[in-house]
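Please treat every number below as a calculation from the coordinates, not as lab data. Everything numeric here is computed off the predicted structure, so don't read it as measured data. For neighbour counting, all protein chains shown are included, and Cβ atoms are generated from backbone atoms with ideal geometry for every residue, glycine included.
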Amino acid sequence: MPSHPPIAFVNARLIDPVQETETRGGLIVIDGVIAGVGSAVTRDQLPAKARVIDCEGDVVSPGLVDMRAFVGEPGAEHRETIASASAAAAAGGVTTLITRPDTNPPVDDPAVVDFILRRARDDAKVRVHPAAALTKGLGGEEIAEIGLLAEAGAIAFCDGAHSVADARTMRGAMTYARDFDALVAPVCEDRSLSREGVMAEGLRASWLGLPGVPREAETIVLERDLRLVALTGARYHAALISNRLSLEAMARARHAGWPATCGASINHLTLNELDVGDYRTFLKLMPPLRAEDERMALVEAVSAGLIDIICSDHDPQDVETKRLPFAEAAAGAIGVETMLSASLRLVAGGHVTLPRLIRAMTARPAEILRLPVGRLAVGAPADVIRFDPDEPYVLDPGSLHSRCRNTPFDAARLEGRVKMTLVAGRVAHE
């Protein structure tokens with residue numbers, strides 16, 4: 001692999017998500033790793049032939065780690081490919097992408113894991129790690145070969161958009177995962193409670209004449225899973241938390257010392273059920289957007305560290321599945337390219353500090369996944385982004401890199417432009 005000239009960032013706001021600090025200084029990248037960082041890095045200290053980038057006060061931080069994104073390969077390339085998803089990721093400052101297993105065929109065979117990793121090596125601008133299925137065929141009945149899938153390179157395990165309904169099967173899967181020290185990272189949804197619903201249960205759904213999904217559809221399964229964590233000792237990550245009841249369950253698990261973490265999507269942290277407006281299908285999500293007080297409870301949980309990570313829950317849907325009556329449209333929204341800009345709303349509103357926000361999208365997911373990225377430290381992989389957190393723009397869906405345009409932030413006023421993305425010291429976006 002050819003060596004790349006050193007890159008040096010100077011005059012930057014350096015965000016250290018591990019220490020949750022912000023300092024002025026510079027950063028030097030040599031041979032794909034961080035060779036220097038901090039206030040001592042100045043122009044007169046730079047290596048010969050280094051490309052010098054004056055950040056003019058922009059933020060330099062680790063690249064984002066997105067723990068949940070649907071990428072269509074194999075079988076749904078019309079929705080997204082590894083190439084298009086990774087281009088969107090790089091443009092949004094995401095340098096590590098965890099793909100969902102609900103492809104066609106599903107990621108329940110080591111050969112499919114190998115296919116994704118090989119395709120990523122050839123086509124991806126960022127690091128791509130596949131999550132694999134918990135059960136064969138995502139059927140929720142027979143446990144997948146977790147050991148072989150992990151050996152092939154699967155980094156986490158779930159059944160895509162659905163939880164495992166049978167508690168005995170889930171217990172077996174967790175026990176099996178524990179024996180291989182594998183991470184179980186499902187969504188929590190009781191389909192018998194949520195199947196007919198299309199938005200959050202409550203007054204707003206009644207006004208719109210739409211069937212609702214109660215909060216309990218999520219929390220009942222979460223509480224079951226947390227009890228199974230206590231029983232099995234498996235590493236567990238609840239991928240998408242969306243309401244106060246689930247936060248209370250997570251707080252109890254944290255207090256008990258169980259090995260459980262949780263995440264929330266950027267959509268649920270920045271949007272609420274009123275944004276659905278008059279049946280805007282790009283805002284149809286699962287779990288559904290909830291009331292403003294629920295959203296604020298999630299934001300406070302990010303600030304307090306109860307919610308460990310923020311993910312995009314990137315889910316491309318084409319025109320044919322979205323341009324339908326609300327009740328019939330597919331759930332899901334793209335988000336990997338807008339996750340950083342949308343999340344900066346929480347900083348602008350004074351709800352979360354910038355270092356805490358960056359931690360939830362870099363160091364914390366890297367810790368949970370046991371990846372060496374997500375740090376601004378000498379010797380760490382040079383997955384680094386430069387962005388101006390204050391640069392305003394109006395989102396034009398046509399400018400996005402994803403194959404689909406189902407963004408909930410269509411024509412929204414956002415702030416925060418990614419000016420450069422490095423992956424292992426290579427420029428992935430500029």
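When a footprinting reagent is the concern and you count Cβ atoms within 10 Å, what order do H255, H162 take, fewest first? Before the final figure, lay out the partial values.
Details: H255 8, H162 17.
Ranked by crowding around the Cβ, least crowded first: H255, H162.
By the count of neighbouring beta-carbon atoms within 10 Å, fewest first, D190, D58 end up ordered D190, D58. Of the Cα atoms belonging to the chain, the radius of gyration and Dmax stand at 20.8, 67 Å. For the chain, lysine pairs with C-alpha atoms less than 28 angstrom apart, excluding pairs fewer than eight positions apart on the same chain, total 4. Here the calculated FRET efficiency for S192 and A330, from their Cβ-Cβ distance with R0 = 30 Å, stands at 0.90, rounded to the nearest 0.05.
Given R₀ = 35 Å, FRET efficiency for R24-V427 by Cβ-Cβ distance, to 0.05?
Numbers: r = 24 Å, r/R0 = 0.67.
The value I calculate is 0.90.
The simple spin-label model puts a point 7 Å past each Cα toward its Cβ; for V378 and D275 those points are separated by 4.2 nm.
Gain in length, E142 to R121, computed as 0.36 nm per residue apart minus the alpha-carbon separation, to one decimal in nm?
Details: separation 21, 0.36 × 21 = 7.56 nm, distance 3.10 nm.
The span from E142 to R121 would gain 4.5 nm if fully extended.
Return the percentage of antiparallel bridges among DSSP beta bridges fully within the chain, rounded to the nearest 5 %.
Values: 31 of 61 bridges.
Of the beta bridges lying entirely in the chain, close to 50 percent run antiparallel.
The distance linking the stretch 351-420 with the stretch 30-79 is 11 Å (Cα centroid to Cα centroid, whole angstrom). Relative to the longest principal axis of the Cα atoms of the chain, the long axis of helix 216-232 makes an angle of roughly 70 degrees. Taking 0.36 nm per residue of separation and subtracting the Cα-Cα distance, full extension of the segment from W207 to D31 would add 57.5 nm.
Of the trypsin sites (Lys or Arg not before Pro) found in the stretch 285-345, the ones in coil according to DSSP and having at most 15 other Cβ atoms within 10 Å of their Cβ are R323.
The fewest-to-most ranking of E415, E320 by surrounding Cβ atoms within 10 Å reads E320, E415. Only helices enter the 222 nm calculation for the chain: every DSSP H run of n ≥ 4 contributes -39,500 (n - 2.57), and dividing by all residues gives -8500 deg cm²/dmol, rounded to 500. Put simply, the amide H of D159, placed in the peptide plane, has neighbours under 5 Å in L134, V187, leaving out anything fewer than 5 places away on its chain. Here the stretch 414-430 is scanned for amide nitrogen atoms under 20 Å from the site 7 Å beyond the Cα of R43 along Cα-to-Cβ, giving none. Rounded to the nearest Hz, the phi-derived 3J(HN,Hα) couplings of the stretch 139-147 under the Karplus curve 6.51 cos²θ - 1.76 cosθ + 1.60 (θ = phi - 60°) are x, x, 10, 9, 5, 6, 7, 4, x, where x marks glycine and proline.
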